[in-house]
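The values are calculated or read from the model by the stated rules, or taken from the named source; none is laboratory data. Everything quoted here is computed from the prediction, not taken from an experiment. In this analysis, Cβ positions are derived from the backbone assuming ideal geometry, glycine residues included, and neighbour counts consider all displayed protein chains. When the accessible area is computed, the model is the full protein with side chains, heavy atoms only, and any ligands, DNA or RNA have been set aside. Shrake-Rupley method; radii C 1.70, N 1.55, O 1.52, S 1.80 Å.
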Amino acid sequence: MQNITISIRGGKPLRGNVAISGAKNATLPELAAVCLSAETIEFLNVPLVEDVKVMHAALGEIGAQGEIGDNSIRVAMPVLRSPLVSLQTARTTRASVLLLGPLLARHGYAKVSFPGGCPIGERKINFHLQGLERMGAEIHAEDEYIVARCRRLKGIEYDFPGKTVTGTENLLMAATLAEGTTVLGNCALEPEVTDLIDLLKEMGADISGSGSETIVVRGQTGLHGASHRVIPDRIEAGTYLIAGCFAGNDIHVLGVEPEHLGSLLEILRGMGADITVSAREFHIKGGKSLAPAEVTTSPYPGFPTDLQAQLTTLLTQASGVSRVRETIFNDRFHHAGELNRLGAEIKIEGDTAVIKGQARLRGAALKTTDLRASAALVLGGLIAEGKTIIQNSYQLFRGYENMPDKLQKLGADIKIIQG
Ligand code: EPU
(Lines give C-alpha, C1' and ligand atoms only; values in the text may rest on other atoms or scores of the structure.)
Protein backbone atom coordinates (compact mmCIF):
# COMPACT_ATOMS: atom_id res chain seq x y z
CA MET A 1 0.00 0.00 0.00
CA GLN A 2 2.95 2.37 0.71
CA ASN A 3 3.92 2.90 -2.96
CA ILE A 4 0.69 4.08 -4.51
CA THR A 5 0.92 6.38 -7.51
CA ILE A 6 -2.12 8.16 -8.90
CA SER A 7 -2.47 9.46 -12.43
CA ILE A 8 -4.94 12.22 -13.38
CA ARG A 9 -5.80 13.78 -16.72
CA GLY A 10 -7.23 17.13 -15.74
CA GLY A 11 -9.76 19.47 -17.27
CA LYS A 12 -12.78 17.12 -17.26
CA PRO A 13 -15.97 18.67 -15.82
CA LEU A 14 -17.23 16.93 -12.67
CA ARG A 15 -20.99 16.27 -12.57
CA GLY A 16 -23.32 14.20 -10.40
CA ASN A 17 -23.58 12.92 -6.84
CA VAL A 18 -20.92 12.07 -4.31
CA ALA A 19 -21.79 10.42 -0.98
CA ILE A 20 -19.75 11.41 2.06
CA SER A 21 -18.29 8.74 4.35
CA GLY A 22 -18.13 8.70 8.14
CA ALA A 23 -15.61 10.95 9.86
CA LYS A 24 -12.11 9.51 10.26
CA ASN A 25 -11.29 11.83 13.15
CA ALA A 26 -14.43 10.76 15.03
CA THR A 27 -13.88 7.04 14.36
CA LEU A 28 -10.30 7.03 15.69
CA PRO A 29 -11.03 8.21 19.28
CA GLU A 30 -14.21 6.15 19.28
CA LEU A 31 -12.22 2.99 18.52
CA ALA A 32 -9.91 3.90 21.42
CA ALA A 33 -13.01 4.09 23.65
CA VAL A 34 -13.46 0.32 23.10
CA CYS A 35 -10.73 -0.12 25.78
CA LEU A 36 -13.08 1.43 28.37
CA SER A 37 -15.53 -1.51 28.41
CA ALA A 38 -15.52 -5.31 28.27
CA GLU A 39 -18.68 -5.35 26.16
CA THR A 40 -19.14 -5.15 22.38
CA ILE A 41 -19.29 -1.78 20.68
CA GLU A 42 -20.78 -1.62 17.20
CA PHE A 43 -19.82 1.26 14.91
CA LEU A 44 -21.85 2.15 11.83
CA ASN A 45 -20.96 4.55 8.99
CA VAL A 46 -17.27 3.78 9.51
CA PRO A 47 -14.87 5.07 6.83
CA LEU A 48 -12.64 2.12 5.91
CA VAL A 49 -9.55 4.29 5.45
CA GLU A 50 -6.00 3.22 6.29
CA ASP A 51 -5.77 5.09 9.62
CA VAL A 52 -8.96 3.37 10.81
CA LYS A 53 -7.64 -0.05 9.74
CA VAL A 54 -4.36 0.59 11.58
CA MET A 55 -6.23 1.65 14.74
CA HIS A 56 -8.44 -1.46 14.50
CA ALA A 57 -5.30 -3.61 14.15
CA ALA A 58 -3.77 -1.85 17.17
CA LEU A 59 -6.84 -2.78 19.23
CA GLY A 60 -6.35 -6.38 18.08
CA GLU A 61 -2.69 -6.31 19.23
CA ILE A 62 -3.70 -5.28 22.74
CA GLY A 63 -6.51 -7.79 23.08
CA ALA A 64 -9.66 -6.66 21.28
CA GLN A 65 -11.69 -9.17 19.30
CA GLY A 66 -13.90 -8.13 16.46
CA GLU A 67 -14.49 -7.82 12.79
CA ILE A 68 -14.64 -5.14 10.13
CA GLY A 69 -17.81 -5.32 8.02
CA ASP A 70 -19.25 -3.21 5.27
CA ASN A 71 -18.58 0.28 6.68
CA SER A 72 -19.11 -1.15 10.13
CA ILE A 73 -16.96 -2.51 12.95
CA ARG A 74 -18.02 -4.73 15.88
CA VAL A 75 -15.36 -5.01 18.52
CA ALA A 76 -14.96 -5.84 22.20
CA MET A 77 -12.03 -5.96 24.61
CA PRO A 78 -13.03 -8.43 27.33
CA VAL A 79 -9.45 -8.66 28.65
CA LEU A 80 -6.27 -6.72 27.98
CA ARG A 81 -3.75 -9.09 26.39
CA SER A 82 -0.89 -6.58 26.23
CA PRO A 83 -0.70 -2.91 27.21
CA LEU A 84 1.87 -2.27 24.44
CA VAL A 85 0.91 -0.15 21.43
CA SER A 86 3.68 -0.82 18.92
CA LEU A 87 6.00 1.59 17.23
CA GLN A 88 4.69 0.55 13.83
CA THR A 89 1.13 1.55 14.74
CA ALA A 90 2.16 4.83 16.29
CA ARG A 91 4.32 5.74 13.29
CA THR A 92 1.38 5.23 10.96
CA THR A 93 -1.30 7.06 12.88
CA ARG A 94 -0.89 9.69 15.51
CA ALA A 95 -4.27 8.64 16.91
CA SER A 96 -2.51 5.79 18.75
CA VAL A 97 -1.89 8.31 21.58
CA LEU A 98 -5.65 8.20 22.16
CA LEU A 99 -5.21 4.72 23.66
CA LEU A 100 -3.27 6.17 26.58
CA GLY A 101 -6.23 7.62 28.53
CA PRO A 102 -8.60 4.65 28.09
CA LEU A 103 -5.91 2.02 28.85
CA LEU A 104 -4.86 3.85 32.01
CA ALA A 105 -8.46 4.35 33.10
CA ARG A 106 -9.48 0.71 32.79
CA HIS A 107 -6.23 -1.20 33.19
CA GLY A 108 -3.93 1.16 35.13
CA TYR A 109 -1.03 0.61 32.71
CA ALA A 110 -0.14 1.62 29.18
CA LYS A 111 2.95 1.59 27.00
CA VAL A 112 2.35 3.64 23.89
CA SER A 113 4.95 4.75 21.39
CA PHE A 114 5.34 8.50 20.86
CA PRO A 115 2.89 9.31 18.05
CA GLY A 116 3.75 9.79 14.38
CA GLY A 117 1.23 10.74 11.70
CA CYS A 118 1.54 13.53 9.14
CA PRO A 119 4.72 15.62 9.03
CA ILE A 120 2.95 18.98 9.39
CA GLY A 121 5.01 20.58 12.13
CA GLU A 122 5.39 20.35 15.85
CA ARG A 123 2.67 18.21 17.40
CA LYS A 124 3.00 18.22 21.13
CA ILE A 125 1.13 16.01 23.59
CA ASN A 126 2.20 17.78 26.79
CA PHE A 127 -1.39 18.69 27.74
CA HIS A 128 -2.49 15.04 27.41
CA LEU A 129 0.35 13.97 29.71
CA GLN A 130 -0.06 16.85 32.17
CA GLY A 131 -3.78 16.14 32.55
CA LEU A 132 -3.23 12.40 33.09
CA GLU A 133 -0.48 13.11 35.63
CA ARG A 134 -2.81 15.40 37.56
CA MET A 135 -5.31 12.54 37.57
CA GLY A 136 -2.70 10.44 39.36
CA ALA A 137 -0.78 8.70 36.58
CA GLU A 138 3.00 8.23 36.81
CA ILE A 139 4.38 8.78 33.35
CA HIS A 140 7.90 8.44 32.00
CA ALA A 141 9.62 7.99 28.68
CA GLU A 142 11.36 4.67 27.94
CA ASP A 143 13.22 4.80 24.62
CA GLU A 144 10.53 5.63 22.09
CA TYR A 145 7.67 4.74 24.41
CA ILE A 146 5.50 6.61 26.89
CA VAL A 147 4.99 4.35 29.90
CA ALA A 148 2.14 5.27 32.22
CA ARG A 149 0.88 3.63 35.42
CA CYS A 150 -1.78 4.44 37.95
CA ARG A 151 -4.09 3.05 40.57
CA ARG A 152 -7.60 4.32 39.88
CA LEU A 153 -7.43 7.75 38.19
CA LYS A 154 -8.91 10.61 40.22
CA GLY A 155 -11.27 13.34 39.09
CA ILE A 156 -9.62 16.76 38.66
CA GLU A 157 -10.29 20.30 37.55
CA TYR A 158 -8.10 21.01 34.54
CA ASP A 159 -8.13 23.90 32.07
CA PHE A 160 -6.31 23.05 28.86
CA PRO A 161 -3.57 25.70 28.39
CA GLY A 162 -4.31 25.61 24.62
CA LYS A 163 -6.94 24.04 22.39
CA THR A 164 -6.24 20.39 21.58
CA VAL A 165 -8.64 17.99 19.87
CA THR A 166 -7.13 14.62 20.79
CA GLY A 167 -6.02 16.02 24.18
CA THR A 168 -9.64 16.83 25.01
CA GLU A 169 -10.69 13.37 23.80
CA ASN A 170 -7.98 11.56 25.78
CA LEU A 171 -8.83 13.23 29.09
CA LEU A 172 -12.57 12.89 28.53
CA MET A 173 -12.21 9.14 28.05
CA ALA A 174 -9.90 8.82 31.06
CA ALA A 175 -12.37 10.75 33.23
CA THR A 176 -15.30 8.42 32.48
CA LEU A 177 -13.77 5.72 34.75
CA ALA A 178 -12.01 8.02 37.24
CA GLU A 179 -12.97 8.26 40.89
CA GLY A 180 -15.07 11.39 41.38
CA THR A 181 -15.85 14.31 39.10
CA THR A 182 -13.59 15.83 36.44
CA VAL A 183 -14.18 19.36 35.17
CA LEU A 184 -12.31 20.09 31.94
CA GLY A 185 -12.05 23.73 30.81
CA ASN A 186 -11.05 25.22 27.43
CA CYS A 187 -12.06 21.98 25.69
CA ALA A 188 -11.91 21.67 21.90
CA LEU A 189 -15.32 22.22 20.30
CA GLU A 190 -14.80 20.13 17.14
CA PRO A 191 -17.84 18.04 16.13
CA GLU A 192 -15.67 14.91 16.46
CA VAL A 193 -15.31 15.63 20.21
CA THR A 194 -19.09 15.97 20.50
CA ASP A 195 -19.58 12.70 18.60
CA LEU A 196 -17.17 10.92 20.97
CA ILE A 197 -19.16 12.27 23.93
CA ASP A 198 -22.34 10.90 22.33
CA LEU A 199 -20.72 7.45 22.12
CA LEU A 200 -19.42 7.62 25.72
CA LYS A 201 -22.92 8.53 26.94
CA GLU A 202 -24.34 5.61 24.94
CA MET A 203 -21.82 3.44 26.85
CA GLY A 204 -23.19 4.74 30.16
CA ALA A 205 -20.82 7.65 30.89
CA ASP A 206 -22.18 10.60 32.87
CA ILE A 207 -21.10 13.71 30.95
CA SER A 208 -22.60 17.19 30.82
CA GLY A 209 -21.61 20.31 28.90
CA SER A 210 -21.14 18.57 25.55
CA GLY A 211 -20.53 21.13 22.78
CA SER A 212 -19.25 23.75 25.22
CA GLU A 213 -15.74 24.59 26.46
CA THR A 214 -16.42 23.29 29.97
CA ILE A 215 -17.26 19.61 30.23
CA VAL A 216 -18.12 17.81 33.46
CA VAL A 217 -17.57 14.04 33.72
CA ARG A 218 -18.76 12.06 36.74
CA GLY A 219 -16.65 8.91 36.86
CA GLN A 220 -18.30 5.47 36.80
CA THR A 221 -17.02 2.06 37.86
CA GLY A 222 -17.69 0.56 34.45
CA LEU A 223 -19.12 1.25 31.00
CA HIS A 224 -21.20 -1.07 28.83
CA GLY A 225 -21.60 -1.89 25.14
CA ALA A 226 -23.26 0.39 22.58
CA SER A 227 -24.16 0.83 18.94
CA HIS A 228 -23.05 4.12 17.43
CA ARG A 229 -23.39 5.79 14.04
CA VAL A 230 -20.35 7.95 13.20
CA ILE A 231 -21.02 11.54 11.99
CA PRO A 232 -20.24 12.46 8.36
CA ASP A 233 -16.68 13.52 7.56
CA ARG A 234 -16.77 17.32 7.33
CA ILE A 235 -13.26 17.49 5.87
CA GLU A 236 -14.10 15.03 3.09
CA ALA A 237 -17.35 16.95 2.42
CA GLY A 238 -15.41 20.24 2.37
CA THR A 239 -12.90 18.78 -0.10
CA TYR A 240 -15.66 17.84 -2.59
CA LEU A 241 -17.38 21.17 -1.96
CA ILE A 242 -14.15 22.91 -3.00
CA ALA A 243 -13.83 20.64 -6.06
CA GLY A 244 -17.36 21.65 -7.06
CA CYS A 245 -16.28 25.30 -7.22
CA PHE A 246 -13.91 24.76 -10.18
CA ALA A 247 -15.25 26.24 -13.39
CA GLY A 248 -17.60 23.89 -15.23
CA ASN A 249 -18.35 21.53 -12.33
CA ASP A 250 -21.84 20.76 -10.98
CA ILE A 251 -21.83 18.47 -7.94
CA HIS A 252 -24.31 17.29 -5.31
CA VAL A 253 -22.47 16.38 -2.08
CA LEU A 254 -24.77 14.00 -0.18
CA GLY A 255 -25.03 12.88 3.44
CA VAL A 256 -23.41 15.97 4.97
CA GLU A 257 -23.94 17.94 8.18
CA PRO A 258 -23.97 21.55 6.82
CA GLU A 259 -23.69 23.05 10.32
CA HIS A 260 -20.19 21.56 10.63
CA LEU A 261 -18.91 23.51 7.61
CA GLY A 262 -20.16 27.02 8.39
CA SER A 263 -16.72 28.66 8.10
CA LEU A 264 -15.94 27.09 4.71
CA LEU A 265 -19.39 27.95 3.33
CA GLU A 266 -18.91 31.58 4.39
CA ILE A 267 -15.52 31.80 2.65
CA LEU A 268 -16.69 30.11 -0.57
CA ARG A 269 -19.83 32.22 -0.76
CA GLY A 270 -17.72 35.33 -0.11
CA MET A 271 -15.64 34.31 -3.16
CA GLY A 272 -18.85 34.16 -5.20
CA ALA A 273 -19.40 30.37 -5.27
CA ASP A 274 -22.90 29.19 -6.17
CA ILE A 275 -23.83 26.80 -3.33
CA THR A 276 -27.30 25.65 -2.29
CA VAL A 277 -27.56 24.01 1.13
CA SER A 278 -30.41 21.70 2.09
CA ALA A 279 -30.87 19.41 5.11
CA ARG A 280 -28.16 16.82 4.27
CA GLU A 281 -26.84 18.07 0.94
CA PHE A 282 -24.71 20.71 -0.80
CA HIS A 283 -25.31 21.53 -4.47
CA ILE A 284 -22.41 23.44 -6.05
CA LYS A 285 -22.18 24.87 -9.55
CA GLY A 286 -18.68 25.89 -10.52
CA GLY A 287 -18.58 29.64 -11.19
CA LYS A 288 -16.67 31.30 -14.03
CA SER A 289 -14.99 33.82 -11.77
CA LEU A 290 -14.09 33.54 -8.10
CA ALA A 291 -12.91 36.46 -5.99
CA PRO A 292 -9.72 36.03 -3.92
CA ALA A 293 -9.94 35.50 -0.15
CA GLU A 294 -8.15 36.22 3.14
CA VAL A 295 -8.32 33.14 5.35
CA THR A 296 -6.90 32.20 8.77
CA THR A 297 -7.13 28.70 10.21
CA SER A 298 -8.36 28.38 13.79
CA PRO A 299 -9.97 25.83 16.09
CA TYR A 300 -13.64 24.97 15.48
CA PRO A 301 -15.91 26.77 14.67
CA GLY A 302 -13.13 28.64 12.80
CA PHE A 303 -11.75 27.60 9.42
CA PRO A 304 -10.18 24.10 9.78
CA THR A 305 -6.47 23.58 9.21
CA ASP A 306 -7.48 20.26 7.59
CA LEU A 307 -9.02 22.20 4.64
CA GLN A 308 -6.26 24.78 4.30
CA ALA A 309 -4.32 22.96 1.56
CA GLN A 310 -7.43 22.13 -0.52
CA LEU A 311 -8.69 25.74 -0.36
CA THR A 312 -5.24 26.93 -1.44
CA THR A 313 -5.59 24.90 -4.65
CA LEU A 314 -8.92 26.62 -5.37
CA LEU A 315 -7.42 30.05 -4.66
CA THR A 316 -4.88 29.53 -7.47
CA GLN A 317 -7.92 29.96 -9.74
CA ALA A 318 -9.33 33.12 -8.07
CA SER A 319 -9.23 36.48 -9.83
CA GLY A 320 -6.57 38.14 -7.63
CA VAL A 321 -4.12 37.62 -4.78
CA SER A 322 -5.26 35.58 -1.74
CA ARG A 323 -3.63 35.08 1.65
CA VAL A 324 -4.00 31.95 3.79
CA ARG A 325 -2.59 32.06 7.32
CA GLU A 326 -1.96 28.77 9.16
CA THR A 327 -2.11 29.15 12.95
CA ILE A 328 -2.56 25.54 14.15
CA PHE A 329 0.53 23.77 12.79
CA ASN A 330 3.90 25.38 12.05
CA ASP A 331 4.87 23.39 8.94
CA ARG A 332 1.75 22.71 6.91
CA PHE A 333 2.58 24.21 3.50
CA HIS A 334 4.24 21.20 1.80
CA HIS A 335 1.56 21.32 -0.90
CA ALA A 336 2.64 24.83 -1.99
CA GLY A 337 5.91 23.79 -3.63
CA GLU A 338 4.19 20.90 -5.43
CA LEU A 339 1.30 23.10 -6.62
CA ASN A 340 3.94 25.51 -7.96
CA ARG A 341 5.31 22.62 -10.05
CA LEU A 342 1.87 22.57 -11.70
CA GLY A 343 2.24 26.28 -12.49
CA ALA A 344 0.74 27.87 -9.38
CA GLU A 345 2.40 30.96 -7.93
CA ILE A 346 2.38 30.51 -4.17
CA LYS A 347 4.89 32.18 -1.87
CA ILE A 348 5.25 31.30 1.79
CA GLU A 349 5.82 34.34 4.01
CA GLY A 350 6.20 33.09 7.60
CA ASP A 351 2.88 31.53 8.60
CA THR A 352 1.09 32.80 5.48
CA ALA A 353 0.74 31.51 1.93
CA VAL A 354 0.35 34.29 -0.62
CA ILE A 355 -1.43 32.88 -3.66
CA LYS A 356 -1.54 34.62 -7.02
CA GLY A 357 -4.78 33.80 -8.79
CA GLN A 358 -5.65 32.84 -12.38
CA ALA A 359 -2.75 30.41 -12.61
CA ARG A 360 -2.75 28.18 -15.67
CA LEU A 361 -2.02 24.74 -14.24
CA ARG A 362 -0.32 22.10 -16.38
CA GLY A 363 0.20 18.45 -15.47
CA ALA A 364 3.47 17.45 -13.77
CA ALA A 365 5.00 14.68 -11.64
CA LEU A 366 4.39 15.40 -7.97
CA LYS A 367 5.20 13.79 -4.65
CA THR A 368 3.04 14.18 -1.61
CA THR A 369 4.03 14.13 2.04
CA ASP A 370 0.83 14.31 4.06
CA LEU A 371 -2.84 13.48 3.95
CA ARG A 372 -4.45 16.87 3.29
CA ALA A 373 -1.60 17.98 0.99
CA SER A 374 -2.42 14.86 -1.08
CA ALA A 375 -6.02 15.97 -1.46
CA ALA A 376 -4.85 19.44 -2.50
CA LEU A 377 -2.61 17.91 -5.18
CA VAL A 378 -5.44 15.69 -6.46
CA LEU A 379 -7.58 18.83 -6.81
CA GLY A 380 -4.67 20.53 -8.61
CA GLY A 381 -4.41 17.54 -10.97
CA LEU A 382 -8.14 17.78 -11.73
CA ILE A 383 -7.71 21.42 -12.80
CA ALA A 384 -4.41 21.04 -14.66
CA GLU A 385 -4.23 20.49 -18.41
CA GLY A 386 -2.64 17.17 -19.30
CA LYS A 387 -1.32 14.43 -17.07
CA THR A 388 -0.43 14.74 -13.40
CA ILE A 389 1.26 11.92 -11.52
CA ILE A 390 1.16 11.90 -7.72
CA GLN A 391 3.64 9.62 -5.96
CA ASN A 392 3.35 8.48 -2.34
CA SER A 393 -0.44 8.70 -2.58
CA TYR A 394 -0.75 6.19 0.27
CA GLN A 395 -1.19 9.35 2.32
CA LEU A 396 -4.51 10.07 0.59
CA PHE A 397 -5.92 6.68 1.54
CA ARG A 398 -5.12 7.30 5.21
CA GLY A 399 -8.10 9.64 5.34
CA TYR A 400 -10.21 9.62 2.16
CA GLU A 401 -12.40 6.61 1.44
CA ASN A 402 -12.33 5.53 -2.23
CA MET A 403 -11.43 9.01 -3.47
CA PRO A 404 -10.33 7.93 -6.96
CA ASP A 405 -13.59 5.88 -7.35
CA LYS A 406 -15.75 8.72 -6.11
CA LEU A 407 -14.06 11.18 -8.50
CA GLN A 408 -14.29 8.74 -11.43
CA LYS A 409 -18.05 8.47 -10.86
CA LEU A 410 -18.21 12.27 -11.12
CA GLY A 411 -16.44 12.05 -14.50
CA ALA A 412 -12.80 12.60 -13.55
CA ASP A 413 -10.06 10.77 -15.44
CA ILE A 414 -8.15 9.45 -12.43
CA LYS A 415 -6.60 6.06 -11.79
CA ILE A 416 -4.19 4.25 -9.55
CA ILE A 417 -1.26 3.26 -11.74
CA GLN A 418 0.89 1.59 -9.08
CA GLY A 419 0.10 0.07 -5.72
N1 EPU B 1 -0.67 21.09 21.17
C2 EPU B 1 0.17 21.35 22.25
N3 EPU B 1 0.11 20.49 23.31
C4 EPU B 1 -0.72 19.39 23.34
C5 EPU B 1 -1.57 19.15 22.24
C6 EPU B 1 -1.52 20.02 21.17
O7 EPU B 1 0.93 22.32 22.26
O8 EPU B 1 -0.71 18.64 24.33
C9 EPU B 1 -0.61 21.96 19.98
C10 EPU B 1 -0.08 21.18 18.76
O11 EPU B 1 1.34 21.17 18.72
C12 EPU B 1 -0.74 21.92 17.62
C13 EPU B 1 -2.07 22.41 18.20
O14 EPU B 1 -1.92 22.36 19.64
O15 EPU B 1 0.04 23.03 17.27
C16 EPU B 1 -3.30 21.62 17.80
O17 EPU B 1 -3.11 20.26 18.05
P18 EPU B 1 -4.29 19.24 18.36
O19 EPU B 1 -3.90 18.46 19.57
O20 EPU B 1 -5.60 19.93 18.37
O21 EPU B 1 -4.21 18.29 17.10
P22 EPU B 1 -4.42 16.73 17.13
O23 EPU B 1 -5.44 16.42 18.17
O24 EPU B 1 -3.13 16.05 17.17
C25 EPU B 1 -6.43 16.60 15.48
C26 EPU B 1 -6.71 15.90 14.17
C27 EPU B 1 -5.89 16.56 13.08
C28 EPU B 1 -6.27 18.04 13.00
C29 EPU B 1 -6.06 18.70 14.37
C30 EPU B 1 -6.52 20.15 14.41
C31 EPU B 1 -7.25 13.66 14.87
C32 EPU B 1 -6.86 12.22 14.93
N33 EPU B 1 -6.37 14.49 14.30
O34 EPU B 1 -5.03 16.44 15.70
O35 EPU B 1 -6.25 15.92 11.86
O36 EPU B 1 -5.48 18.69 12.06
O37 EPU B 1 -6.79 17.97 15.38
O38 EPU B 1 -7.85 20.26 14.09
O39 EPU B 1 -8.33 14.03 15.30
C40 EPU B 1 -5.97 15.23 9.62
O41 EPU B 1 -7.05 14.61 9.71
O42 EPU B 1 -5.40 15.43 8.53
C43 EPU B 1 -5.35 15.77 10.83
C44 EPU B 1 -4.07 16.11 10.90
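Worth pointing out:
- 222 nm mean residue ellipticity, helices alone, for the chain (DSSP H n ≥ 4; -39,500 (n - 2.57); rounded to 500): -9000 deg cm²/dmol
- Placing +1 on each Lys and Arg Cβ and -1 on each Asp and Glu Cβ, with no other charges, gives the chain a dipole about its Cα centre of roughly 1000 debye.
- The packing ranking of peptides 342-355, 272-285, highest mean first, is 342-355, 272-285, where packing means the average number of other beta carbon atoms within 10 angstrom of each residue.
- The label-point distance for N17 and T276, in a model that sets each label 7 Å from Cα toward Cβ, rounds to 1.5 nm.
- Cβ-defined net charge surrounding V34, 12 Å radius [Lys, Arg +1; Asp, Glu -1]: -1
- Alpha carbon centroid spacing (whole Å) that separates region 215-264 from region 358-419: 22
- Net length gained if the chain between T214 and S82 were fully extended (0.36 nm per residue, minus Cα distance): 44.1 nm
- 1.4 Å probe accessible area per residue over region 235-383, in Å²: 37
- Within the full protein context, the accessible area of K163 is estimated at about 80 Å² for a probe radius of 1.4 Å.
- Cα-based shape type of the chain, given that a ≥ b ≥ c are square roots of the gyration tensor eigenvalues and the cut on a/c is 1.5: prolate
- Of the solvent-accessible surface of the chain, computed with a 1.4 Å probe and all protein chains present, 46% belongs to carbon and sulfur.
- Springs between Cα atoms under 10 Å define the GNM used for the chain, and in it the highest mean-square fluctuation of G66, G270, G167 occurs at G270.
- Highest-first packing order for the peptide set 69-81, 172-184 is 172-184, 69-81, based on the mean count of other beta carbon atoms within 10 Å.
- Most positive-pole-ward Cα, I275, T313, P232, against dipole of the chain from beta carbon charges: T313
- Length added when fully stretched, H283-R360, from 0.36 nm per residue minus Cα-Cα: 25.1 nm
- Considering only alpha-carbon pairs that sit under 8 angstrom and 6 or more positions apart, the relative contact order computed for the chain is 22 percent.
- For region 1-150, the solvent-accessible area with a 1.4 angstrom probe is 39 square angstrom per residue.
- Within the chain, antiparallel bridges make up roughly 70 percent of the DSSP beta bridges whose residues both belong there.
- Taken over region 57-188, the ratio of Cα radius of gyration to 2.2 N^0.38 Å equals 1.04.
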